[in-house]
Amino acid sequence: MKLRVPPLRPPGFSGRLHDARTATAIGRWLAVAVVLCFVTGLVSHCLQHPPAWLADDLPSRPSGGYRLTQGLHVASGIAAVPLLLAKMWTVYPRLFEWPAVRSVRHGLERLSAALLVASAVLELFTGLLNTAQWYPWPFDFVQVHYALGWTFTGALVLHIALKAPDIKAHWSRGSAGTLALPAEDGPNRRALLTGVFAAVGAVTLTTAGQSFTPLGRFDLLAPRHPDHGPQGLPVNRTAVAAGVAAVSVEDWRLTVAGPRPYELTLDGLRAMRQYEATLPIACVEGWSKSADWSGVRIRDLLDRAGAPRGARVRVVSMERGGAYSVTELAHTYARDELTLLALRLNGRALSPDHGFPARIIAPNRPGVLQTKWVHRLEVL
Ligand SMILES: Nc1nc2c(c(=O)[nH]1)N[C@H]1C(S)=C(S)[C@@H](COP(=O)(O)O)O[C@H]1N2
Ligand SMILES: [Mo]
């Protein structure tokens, strides 16, 4: 008996929703979103994990820079989700093409499309789950998300190069390739695009408020609301979770290790000249909120220890273990007049969850580096 494998048959695709013009119209908006997401992602990565050659030159200004770029990173990533779904739906009949591979070029084109789709789906999926701090996978989020960003961007460049003739032919409404279809299919495409834009608008409006405070009251779908938390500021890791809930003020000391090492009690710190700074906490997960901090300038503490001007500083938390318990301040941050060892937040002493007795707050920095429960500074 002879077994015949029939070719996969596409359902009856007709009309304009699956044609090249629709794919181009959605694809270019998707491109805008992912390019913005990629560029702001690079900024985020450089500020959080700078390569050695850049680490000492990271700018500490503009003070709200990271808040803006990370807000855009998460917002453009979220906006890309409905765009990607619509784009994939528009082109999915191509999956059923027969013969599956017509030529070497065609085969490579399909392979690159597979890489593009796979990396795009994984990238947006891991990013979205990270906004909710949910990591149901065995790998390191940051490394994989970063590597996938490059993989996806490479596949996208290849895709645009291969499709350049199609994109050009279908760029504008009256393009040659789109005229052959019956006119009654016209409203179809407009309805689809309207629906896609409505979806983009809806997910943006209901999540952007987590960092863009004027939209705060529409912040229905974001995992965080910027106002919810002690002292009007969200908390990622509580003092209990970090194992530093019971700090005895009498026993607590700030140790500054350097050429002229010294120790200070909390009263000793309070007796030093206090400065104020209005700076945001901008979490990599996408929420951010500005607050009024006051405390001692890091550079005053460093001068007192005889630190050289270009020195980096290691910041050590009382928290044991945990990815953020030891961080470093490049000299650009350490010397900035806004960088504080903060003792007060919005007019009151830091609450335990915000890092009592002392935390770092510095301009243009990811939240993960704004170390809480600080008890030691080391001049490097
Ligand atoms: N020691 C320590 N500091 C920390 C963290 C932590 O887990 N441990 N979390 C960081 C993260 S991810 C962010 S976004 C900010 C959150 O600040 P908040 O909880 O005070 O609002 O603190 C940072 N400082
Ligand atoms: Mo964070």
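Of Thr238, Thr255, which residue is farther than 16 Å from Thr131 by Cα, assigned by TED's automatic domain parsing to the domain that holds Leu340 and within 16 Å of ligand 2 (Cβ to nearest atom)?
Thr238
Yes or no: segment 206-222 includes at least one residue that is within 16 Å of ligand 2 (Cβ to nearest atom), buried (at least 16 other Cβ atoms within 10 Å of the Cβ) and in a strand (DSSP E or B). Step through it out loud before you land on a result.
So the first thing to find is which residues in segment 206-222 are within 16 Å of ligand 2 (Cβ to nearest atom), and the list is 210-211, 222.
Pick out the ones that are also buried (at least 16 other Cβ atoms within 10 Å of the Cβ) and you get 210-211, 222.
Still in the running and in a strand (DSSP E or B): none.
Checked segment 206-222: no residue is within 16 Å of ligand 2 (Cβ to nearest atom), buried (at least 16 other Cβ atoms within 10 Å of the Cβ) and in a strand (DSSP E or B).
Of the numbered conditions (1) within 14 Å of ligand 1 (Cβ to nearest atom); (2) closer than 20 Å to Ala52 by Cβ; (3) not small (Gly, Ala, Ser), Asn364 fails exactly one; give the number of that condition.
Just one mismatch for Asn364, condition (1).
If I ask for residues that are loosely packed, with under 15 Cβ neighbours inside 10 Å and either among the hydrophobic types (A, V, I, L, M, F, W, C) or in contact with a helix residue (DSSP H, G or I) (Cβ under 8 Å, 6 or more places away or on another chain) (or both), which ones from segment 252-273 would you list?
Arg260, Ala271, Arg273
Quick one: in segment 15-71, which of the residues that are closer than 23 Å to Trp171 by Cβ and among the aromatic types (Phe, Trp, Tyr) is most open to solvent (accessible area, probe 1.4 Å)?
Here the residue is Trp29.
Residues in segment 149-156: is at least one among the hydrophobic types (A, V, I, L, M, F, W, C), at pLDDT 95 or above and over 26 Å from His18 (Cβ atoms)?
Scanning segment 149-156 turns up at least one residue that is among the hydrophobic types (A, V, I, L, M, F, W, C), at pLDDT 95 or above and over 26 Å from His18 (Cβ atoms).
Does any residue of segment 286-294 turn out to be touching a residue at least 12 places away in the same chain (Cβ under 8 Å), acidic (Asp, Glu) and either touching a helix residue (DSSP H, G or I) at 6+ places or on another chain (Cβ under 6 Å) or within 16 Å of ligand 1 (Cβ to nearest atom) (or both)?
Taking segment 286-294 as the starting set, the residues that turn out to be touching a residue at least 12 places away in the same chain (Cβ under 8 Å) are 286-294.
In the following step, the residues that additionally are acidic (Asp, Glu) were identified as 292.
Cutting the leftovers down to either touching a helix residue (DSSP H, G or I) at 6+ places or on another chain (Cβ under 6 Å) or within 16 Å of ligand 1 (Cβ to nearest atom) (or both) gives us 292.
Within segment 286-294 (the criterion being touching a residue at least 12 places away in the same chain (Cβ under 8 Å), acidic (Asp, Glu) and either touching a helix residue (DSSP H, G or I) at 6+ places or on another chain (Cβ under 6 Å) or within 16 Å of ligand 1 (Cβ to nearest atom) (or both)), the answer is yes, since at least one residue qualifies.
Looking at segment 31-46, is at least one residue more than 19 Å from the chain's Cα centre (by Cα) and in contact (Cβ under 8 Å) with a residue 40 or more places away in the chain?
no
What's the total number of residues in segment 140-172 that are more than 30 Å from the chain's Cα centre (by Cα) and either touching a residue at least 24 places away in the same chain (Cβ under 8 Å) or not in a helix (DSSP H, G or I) (or both)?
Residues meeting the conditions: 5.
The values are calculated or read from the model by the stated rules, or taken from the named source; none is laboratory data. Everything numeric in this text was worked out from a predicted model, so none of it was measured. Note: ideal-geometry Cβ built from the backbone for every residue, glycine included; neighbour counts use all protein chains shown. Keep in mind that these areas ignore ligands, DNA and RNA; they rest on the heavy atoms of the full protein, side chains included. Shrake-Rupley method; radii C 1.70, N 1.55, O 1.52, S 1.80 Å.
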